[in-house]
Amino acid sequence: MSGAAQRLRALWSWLRALSGDDAYERYRARHGRRHPDVPPLTPGDFYLQQQQRKWSGVSRCC
Amino acid sequence: MKNKLLGTLLAVVGAFAAGGIALNRHEPINALWIVTAAICVYLLGYRFYAAWIAARVLAIDPSRATPAERLNNGRDFIPTHRVIVFGHHFAAIAGPGPLVGPTLAAQFGYLPGLLWILVGAVLGGCVQDMVILLLSTRRDGRSLGQMARDELGPFGGFAALLGTLIIMIILSAVLGLVIVNVMKHSPWATATILGTVPAALIVGLYLRAWRPGRVLEATLLGVALVLLALVAGGWVDHQPGIRTAFDYTAVPLAVFVIGYGFCAAILPVWLLLAPRDYLSTFLKLGTIMLLAVAILLTHPQIRMPALTQFVDGSGPLFGGRVFPFVFITIACGAVSGFHALIASGTSPKLISSESDVRLVGYGSMALESFVAVMALIAATLLDPGVFFAINSGAGVVGATPAAAVHTISGWGFPVTVEQMRALAAAMGEQTLFARTGGAPSLAVGMASILGSSFGRGLMALWYHFAVMFEAVFIMAVLDAGTRVGRFMLQDLLGHLWRPLGRTSWYPSVLLASALMVGAWGYFLYIGVIDPNGGINILWPLFGISNQMLAGIALSVATGILVKAGRKRYALVTALPLAWIALVTTTAAWQKVMSPDPRLGLFAAADELAGKFAAGLLPPERALVAPQLIFNQRLDGWVTFVLTALLWFVILDMLRVCVRRVRGLPLRAGSEAPYQASRLQGAMAGSGA
């Protein structure tokens, strides 16, 4: 039973990573490690920056 | 030992499936043969050819640090697990192209398209994507244009930039035309597609203001809204008072698509583009999986013959013989130059080890190629008569249903007006005659597969689901393409007058967006007023431009391999390049020089001009004739420019190769020096 729950949890974390749902959490973790003295971006600002970057180059194809 | 066994097994199964296809030439064959043969071909290519390329040609070195590791900034350079990079890369390369191309190429029968999709992908497209991905990874994620400039010279860089801009324009126009043809006189499709716009806006607001960055829940909400739009469209279609408000001819729909493209290019990305992309990616992956399951469940018979008489060039969907036009019509799914832009864009900055390049580059293209095979199956399981009735323009088969079925039945593909009427009624459409562009016939094919697996009574719903699925991600590509085109134009305009190059200066944003939308909008408008459907001209033009970009990418790859002293191994990219150059040049030559007005652009313009001058055209055709004449000549010149660009780059590459062989000085190139990776095994925690 716990094996199945573990597998479901793993699937969920894969899904979050694939869709970018966990991007802010990963950013916070990394930011905390590298620049603990600088206040991090808010989720809204981070999302905005991420979208600006993503859509200023070729990121979709025919 | 295990590998050898697996390889032998794959080869045996693949040979059986291929043999099944070969032996069943004179009776309907089952789609399962095709699916099995395709999967075996991809696995063999991946297991052996790609592994050999990785080891010998590219000398992949897992101990070498990738830019994601060396330049890790937590923003664009992030070492990422290969399965995640695979997902991102596949979502980026998989567009509507592999759905439309194989459908159109089905006019030759199922065999030419199928063979080209398989062989082209395994030996050409997958190789191109994988090699460019590795070369860019070794160059700090430089773009194709930058690599062309660094390794070949300034001309190569300029050609790649101009080629990209032209392909963006033609791609947007042809995709716009595909959705206009889907919405034309279809209140259900129009209402549904219109409904996806507010759905995207709501998701955008959700992700920006309510729950920033919670992509999964927002996507779930969006998918629910889009399905609601689908059902609401069906409701609208049954309300006599309301349905007329959504019943449009092609021209106003084209104006709507153009206006929409302009809005998408100037609005903030978070409001429309980004949320629409989340929806489209989700729908795309979901529908592809659904289709694969449904094909396995229903294993439909392929009704289209292996070869039709139209291999001689007389086909109703577009003119031109099977050689070279099947290789131009199917670009995405076999070899797609556009992928080189993705493989040298975001993906190389995420690769955590060089050994991931095989899965991400070769593997995702193999999967996209499989999507093309499924589209081919969906198109060829229709009665050939029905297929041609849906896909032939009124100018080719006759404007009335009676005339169309007469012409098509005369070709040996029996179809009746009754049959088409019943089919249209089952799909919830007024008519399915002359619905060119490939999308409606694909939707009919998909609806019959999905309908017989998951509910036959819901055929009309499945049809409009397929239509909405195609439209949603065509519009996502339209938005993204227009936006990138806008940035490229601003970059170019910045050379003329500096302020125009500032991407956030509003007058420049408006000007560049208007120029970009104007350019593709023009081709879209002409396609809409063309009585032959427009696709017959625009799609080959798109194919030629996409193959030209592939030629540039393969030239850059070949040049780099030769410069690195891997002359013999450079054949791996040089041979696909030679083939692409041959088919593209032959097709372009015929489009420009052929005296047959069904094929040659200038010949068609001259013929129309002659009739127009002699007053032989009916009044409604005379009205649009001057525009069509001008456009066909323009298309001829665009074809010429594209081919010239390709050959300039090939000659530039050959010049570099000759200098290398003679030992003359060369550009240093931009490969980053070796640095040992310290990530070894660090990604193993998540299953690498």
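What follows is calculated from the coordinates using simple rules that are stated; it is not laboratory data. Everything numeric here is computed off the predicted structure, so don't read it as measured data. We place every Cβ from the backbone using ideal geometry, glycine too, and count neighbours over all the protein chains shown.
How much FRET efficiency would the formula 1/(1 + (r/R0)^6) give for B:Ala399 and A:Asp37, where r is the Cβ-Cβ distance and R0 is 60 Å, rounded to 0.05?
Values: r = 74 Å, r/R0 = 1.23.
Taking R0 as 60 Å, the efficiency between B:Ala399 and A:Asp37 is 0.25.
Compactness check for region B:257-373: Cα Rg over 2.2 N^0.38 Å is 1.42. With the convex hull of the Cα atoms taken as the outline of region B:327-426, the averaged projected area works out to 9.1 nm².
Within 10 Å of each residue's Cβ, count the other Cβ atoms and sort B:Glu368, B:Glu429, A:Glu25 from fewest upward. It would help to have the intermediate numbers written out before the result.
On the way: B:Glu368 27, B:Glu429 23, A:Glu25 12.
Fewest-to-most Cβ neighbours within 10 Å comes out as A:Glu25, B:Glu429, B:Glu368.
How many percent of the alpha carbon pairs in chain B exceed a separation of 43 Å?
On the way: 49257 of 236328 pairs.
Summing the P(r) tail past 43 Å for chain B gives 21 percent.
Overall, the ratio between the Cα radius of gyration of region B:129-192 and 2.2 N^0.38 Å, rounded to two decimals, is 1.73. Using Cα-only point scatterers and the Debye equation, what is log10 of I(q)/I(0) for region B:471-630 at each q in 0.16 Å⁻¹, rounded to two decimals? So the normalised log intensities are -1.08.
After finding the eigenvalues of the alpha carbon gyration tensor for region B:4-108, what semi-axes result from the square roots of 5 times each, listed largest first in whole Å?
Numbers: eigenvalues 264, 89, 22 Å².
Working through the eigenvalues yields semi-axes of 36, 21, 10 Å.
Computed from point charges on the beta carbon alone (+1 for Lys and Arg, -1 for Asp and Glu), the dipole magnitude for chain A about its Cα centre is near 220 Debye. Between the listed residues B:Val13, B:Pro384, B:Gly445, the Cα displaced farthest toward the positive end of the dipole of the protein assembly as shown, a dipole computed from Cβ unit charges relative to the Cα centre, is found at B:Val13.
Region B:115-161 gives an Rg/Rh value of 1.11, both radii derived from C-alpha positions and Rh following Kirkwood. What is the local net charge at B:Thr80, summed over the other residues whose Cβ is closer than 13 Å to its Cβ (Lys, Arg +1; Asp, Glu -1)? Result for the neighbourhood of B:Thr80: +1.
On full extension, the segment bounded by B:Gln301 and B:Leu205 gains 30.0 nm, given 0.36 nm per residue less the C-alpha separation. Among residues other than B:Ala265 with Cβ under 9 Å from its Cβ, the summed charge is +1 (Lys and Arg +1, Asp and Glu -1).
Tell me, Kirkwood radius of region B:515-562 from alpha-carbon pair distances, in Å?
12.7
Give me D for region B:376-534 in µm² s⁻¹, whole number, from Stokes-Einstein with Rh from the Kirkwood sum over alpha-carbon pairs, 20 °C and 1.002 mPa s.
Working: Rh = 18.1 Å.
After rounding, the answer is 118 µm²/s.
Centroid-to-centroid, using Cα positions, region B:411-448 and region B:486-514 are 45 Å apart.
Give me Rg over Rh for chain A, both radii from the alpha carbons and Rh done the Kirkwood way, two decimal places. List each step's numbers first, then the result.
Values: Rg = 15.6 Å, Rh = 14.0 Å.
My calculation of the ratio gives 1.11.
Which order results if B:Cys126, B:Cys263, A:Cys61, B:Cys40 are arranged by neighbouring Cβ count within 10 Å, fewest first?
Working: B:Cys126 30, B:Cys263 16, A:Cys61 27, B:Cys40 21.
Least to most surrounded, the residues fall as B:Cys263, B:Cys40, A:Cys61, B:Cys126.
Approximating the spin labels as points 7 Å out from Cα along Cα→Cβ, the B:Leu9-to-B:Ser504 distance works out to 5.7 nm. When you work out D = kT/(6 pi eta Rh) for region B:262-314 at 37 °C and 0.692 mPa s, using the Kirkwood radius from C-alpha pairs as Rh and the Stokes-Einstein form, the result is 218 µm²/s.
How large is the convex hull of the C-alpha atoms of region B:173-304 per residue, in Å³? Walk me through the numbers on the way to the answer.
Values: hull volume 19.1 nm³, N = 132.
With only Cα atoms used, region B:173-304 gives 145 Å³ per residue.
Counted over all Cα-Cα pairs of region B:572-688, pairs farther apart than 23 Å make up 60 percent.
On average, how much area does the Cα convex hull of region B:542-628 cover when viewed from any direction, in nm²?
On the way: hull surface 27.5 nm².
Mean shadow area of the hull around the Cα atoms is 6.9 nm².
D for the protein assembly as shown, whole µm²/s, Stokes-Einstein with Kirkwood Rh over alpha-carbon pairs at 25 °C and 0.890 mPa s: what number?
93
What net charge is computed for the residues neighbouring B:Ala121, neighbours being all others with C-beta under 11 Å from the C-beta of B:Ala121, Lys and Arg scored +1, Asp and Glu -1? Overall, the nearby charge balance is -2.
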